[in-house]
1. Compute the length gained on full extension between residue 455 and residue 128: take 0.36 nm times their separation in residues and subtract their Cα-Cα distance, giving the result in nm to one decimal.
2. So, in nm, how far is label residue 394 from label residue 189 when the simple model puts each one 7 Å beyond its Cα toward the Cβ?
3. Binning at 5 Å from 0, report for the range 272-462 what percent of all alpha-carbon pair distances ends up in each bin.
4. Could you pull out the pairs from 330/397; 410/431; 278/432; 217/239; 81/451 whose alpha carbons sit more than 21 Å apart here?
5. For residue 264 and residue 315 in one chain, what is 0.36 nm times their gap in residues minus the Cα-Cα distance, to one decimal in nm?
6. With a Förster radius of 35 Å, plug the Cβ-Cβ distance of residue 157 and residue 322 into 1/(1 + (r/R0)^6) and report the FRET value to the nearest 0.05.
7. Full extension from residue 217 to residue 73: what is 0.36 nm times the residue separation minus their Cα-Cα distance, to one decimal in nm?
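Values quoted throughout were computed directly from the atomic coordinates according to the rules given, and no laboratory measurement underlies them. What you see is a predicted model; the values in this text were computed from it and never measured. Don't worry about glycine lacking a Cβ; one is built from the backbone with ideal geometry, like all the others, and counts go over all protein chains shown.
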Amino acid sequence: MPKTIEKIFLLVGDFIAIHVTYICWILIRQSLNCYTEPGFSSNVLLSFILFFYWFFLFFFFGLYKSWYAQSRFDEFVTVLKTASIGVFLLFLITFDVRTDLQSPPSVGRIIIISYWFMVVFFTSSERILLRTIQRKLLEMGFGRRRTLIIGWNEKAQELFDKISQYRALGYDVVGFISPSRKDVNANYKGVPVLGHYKDIARVVQQHRIEEIIIAAKKSSPKEVISIISYCDSLLVNLKIVPDLYDIVMGYGRTNQIYAFPLIEILPQMMPQWEQRIKRIIDVVVSVIVLVGFMPVWILVALLIKLDSRGPVLFRQKRVGKDGKHFTIYKFRSMVVDAEKYTGPVWAGQHDPRVTFVGRIIRKLRIDEIPQFYNVLIGQMSLVGPRPERPFFVDKLKREIPLYARRLRMKPGITGWAQIKGGYDTSIDSVKKKLEYDLFYIENVSLRMDLKIILSTIYVMLRGKGQ
């Protein structure tokens, strides 16, 4: 089912479920003689207000993200959790301190539990119905994903047989990848070996692959890590069979349907609701910094202009989330054409190309301020791995395994690697910072973001930038 159609059905289903819930709740209150009739138009308005309230909560908790062969029970649990939080908030919003604290809870207050039950029942019922229809469509062959199995052994062939048996998983295996080029063009039950490990990127593009499942031999952990590094920069979902999990422990999340377990490798670890809050914080802070401190930035711009010839802002191409290029903005801290004779190089600790004013704003990290515009328009976040230039990304992807893992997250103005590892000056320092970046990616949370932001402010106040 196309994502747009799926979301329309979800919205229509939730719309009906929330309105039916409200009507049933009114009928229950009327039967208990604890409902004051506000009139038809008022009821309609209140019902629509409640729908938008629940729409916001469902969106916030990720209930409108695309569903694909996922557990219906898991979605029910998410609906249950969201409804519980939503009803509790409604209880607090309608709480009357004088009435509710000075007397025992009235029947009208107690039956809010019935409203909670009906929200859960009607909403989860319409969603389970939709998911059941989607699953039947998958079994019939609609909306299935083109899948590549990496491995050419008994395990890979057994995996193919199981996928063929459980059609509701939605995988259409179009080929295998072998560790040996000798196996290319061999086939299992008519499905061919399409290439070698180093051909993965080509095969994915040529055959429009959407899912990759790794079924390599357990005896070769380096091989498995190497495969993951080949796949890491590709826009595909990456999974692995369970008995290889110890090799990639800490990088995965279990996904099991029909007792058919697969482990998702390098998933997005931050829950949907935290991602929403993170984006809201990005926008609010960016507006405050850019607009609220505008007089300061105008002064900085004047000092840069008086100190050396050239533009105030420095523009440079960087690589963002999913390998997409974008233009980053900074206050210029170096002389014009600083890399004219050297080519792309990292800045040194006492770099002679840095101007007098540039040295000051770099120590205070004020040179990064224009990047709040990149944050505001969604190209960056306040916290995340620092964006690197395409030249260095291509170089580092060849030299450092899993470097492309950084590209699965939106880059940030500051990050765990910045407060722990300083600036990039060599390949060795980049390797060390990659460890910090991977640690952040695997442990990302709003709490950790707050810690990084506070640490960055501390570094700025001490003038420890470079």
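1. Here the answer is 113.2 nm.
2. 4.2
3. 1, 7, 15, 20, 22, 18, 11, 5, 1, 0
4. Pairs exceeding the cut-off: 330/397; 278/432; 81/451.
5. Additional length available on full extension: 14.6 nm.
6. 0.60
7. Once the chain is fully extended between residue 217 and residue 73, it gains 48.6 nm.
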